Each structure stands twice: as C-alpha cells, then as structure tokens.
C-alpha cells in the first residue's frame, strides 16, 4: 500500500517536472508538444477508487495549468480523461475482470491492449485540450490536425517511457 | 427522500465528474475573460522558484549566445555615447536647458520561463513588486520589443509576450511614418507578426524597418519591432496587410529590460480627463 502511494506520488512529481522543464521546450514543427504527463492517469492501478482518480486528474491538470499559465485548460482535459478512463476500462475489461494488484501497462496487460487503451484516452484528452485552447469552432480542421499530430507524438513518448521504465515479464 | 439519497450515492461518480468539470470550465472561462486569475499562474512562489532554479542551470548553456548579445549591445550603446557627444558640441544650448526630464528608467531582468508554442504565450521574469515592477510596464530587449507586464508578485512577474493573441503594439513604418497596430496574427509562428490596414499607395519593400510609435503610453517610441517580410495584397481593397519578421528572437530570450515610464500616470490622467467631456 505504502509502495503504491509513494510510487504514484513520485511519478506525479517526476512527470510534471519532466513535462514543464523538458518537453515543453521541444518544438516540433513550431507548435507541437508531446503531453507525456497524461501517462500518470493512464498508469493508475485498476483497483483505485473512481473518485480518487477523478480528484487526481483534477490536481494533475491544475498543477500543469499553474506551470503553463493556461488556467482551466489542462484541468478540463484531465478531469474529462479521468472520467472516460472508467468507461473505457469497463468496455475493455477481460471476461474474468481485472486481476488484483495489476496496473494498466505493457507488462501486465500486453502491448495491443495498452495501445488501444492509451490511444483512445490520449485522443480524448487532446480533443478537449485543444478545443479548450482555441475556444471557437472557426478553425475546426487546423485544430483537428493539431490534435491528431500531437496525439501521435504523445503516444510515441508514452511508448518510449514504457519501454525504458517497465521491466518485462519474468518467465 | 431515501430515494433521492440513494440516487445520489449510486451516481456519485457522475456527479463528482460534473462538479469538477464545471470548476475547471469556470476557471477556463474566467481565464479567457480576464487573462488569468491572480494566484494560480507561473509567477507564484512554487512554480516561480522551480523555474528560476531550472533557468539558473540552463543559463550556462546559453552563455556564449548571451555574451555575444551583450557585446553587441555594448557596442551599440557605445555608438550612442559618441553620438550624444557630437550633439553636445553642435548644439550646446540644448544641454544648457535644464528642462531635460528623464521619462524612462530601465530595470534589467532575467527570463526564468518562456513559451513560444502556444496561442497565448507568457514569460516569467525574476523581478517583482519589491524591485518596483508594476502592472503594464513594457518589456524590451537589445533586439526589440518583448511584451507587457501582466501580473506581479513579490519577486517575480509574468509578462504577456508579443506572441499573444490579445496584445497590440502601436508601431510605425520608419520610411513613411505611417502608423499601424502590430499583433501576432493567426499563423502562430513565433518569428512573424502582422500589421493590418496599411494604405496600398505606399511603396513598401521587404526589409523596411518597423519601430514602435509614440502613441503608446507603455512602449518608448523608436524601439525596433521588426522588418517587413511580405506585403499581402488584398484584391479590390485600398489597404494591404504586412507580414512582419520580428526582430526579437523569442526562442532565445535570456536577459530583458523592464521599462518604467515615469510620466505614464500623468499622460493617462490627462487623457482620462479629456475623455470625460
């Protein structure tokens, strides 16, 4: 239990600092950023209570907004993502349900499962985030393109992080 | 009553979601209307300190570039000195006149955080109210204009950069004196800005200089803004739009100057008095 809390706590701090200090300084094609910090919400364990996930999403978004001067944008996107996470997990659950002590990652759930899970949630998160940013429908298609491209970069960064930090299954 | 309680406990997740999402949305709207709420932004104690520590480290990587910039600027200042010396010889009566009054004072500040890839970009500087910084002061650097101070805490301030959808910089074309308002434009490229509605009879070419005009109570007149990159002609219209290459390299800002207009209050009070008529 303590290991679970401290592990997630450090991941929270580390991902925020990594996002604001390093990733936000990367400019791909002028205005594309990978938003790796959503990995925190993706990797919360299955058995964590839903309301804690929502509150953590709120806190995560607020922390990001504080650093990036975008009050409300990331918070809206993260809370929405935390809400959809529950629904997507329910739809994608294996027939016998999720086993205790497992987390959504490469090792526990397999690459294909994780890919679908991560891409759906990242896409939803970016959808809300970028429409909250542009705040109008007049440039609908440029925003869609931005959402798609940013999602691809976020997913790539998520996969690299998973490969680096999640140790493979012991046989 | 029991059913109502049951209904809420059963659907607590949805209600919590709706509650948190409305809080977030409220913050978003609030932020869009008033630029930013006063507490949760990058100039508060936590994020300000984190950004400053980070910038203290990364400054070493920019040292060569900063030195080069400073050397260039020193050279420019030296030129100015020489100029004023010759002026003194030519028109001594100007100097005897004791009515010269200082209008602007400059405070050097370090950029501890900067963004260029969003729709509305801000900088954080390591100067605040304890160093005499106030809202709506101009920020410039050796190369040109940077932005306007928006929020001030004790030791930090956050600055609305020229790369912000809501900023306008009153400026003029050096060759003709024609004035216009510079804003960032729509293509979100940190190297370019736009000036709209310039009469099409002016013969403008690529490379013409744009400076800040004297119509602003924030920016001093004659600060470099940029050069014309492209004249965008609109068919059937007597006005052209100008695409401006900004002289400030926003990707590499490290030291900037905050400009205190000592006569700003006087000017604004006067303008307010005539507005009431």
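Brief remarks follow.
- Cα shape, the range B:173-219, gyration tensor, a/c 1.5 rule: oblate
- Between the Cα long axis of helix A:111-134 and the first principal axis of chain A there is an angle of about 30°, rounded to the nearest 10.
- Size check on chain B: the Cα extents along the three principal axes, sorted descending, read 94, 52, 49 Å.
- Percent of C-alpha pairs per 10 Å bin, the protein assembly as shown, short to long: 4, 17, 25, 23, 15, 9, 5, 2, 1, 0
- Between 0 and 90°, nearest 10: helix B:264-275 axis offset from chain B longest Cα axis: 80
- For the listed peptides A:19-26, B:117-124, B:2-9, A:39-46, a ranking on the average number of other beta carbons within 10 Å per residue, highest first, reads B:117-124, A:39-46, A:19-26, B:2-9.
- Global geometry of the range B:189-277, whether rounded, prolate or oblate, following the gyration tensor of its Cα atoms and the 1.5 cut on a/c: oblate
- Degrees, to the nearest 10: A:140-165 long Cα axis against longest axis of chain A: 40
- Pairs of C-alpha atoms in chain A farther apart than 29 Å represent 16 percent of all such pairs.
- Gyration tensor verdict on the range B:119-277 (Cα atoms; rounded if a/c is under 1.5, prolate if a/b is larger than b/c, oblate otherwise): oblate
- Within 10 Å of each Cβ in A:71-81, the average number of Cβ atoms from other chains: 6
Each reported figure results from applying straightforward, stated rules to the coordinates on display, with no laboratory input. As the structure is a computational prediction, the values presented were derived from the model and not from experiment. Heads up, the Cβs are rebuilt from the backbone with ideal geometry, glycines too, and the neighbour counts pull from every protein chain shown.
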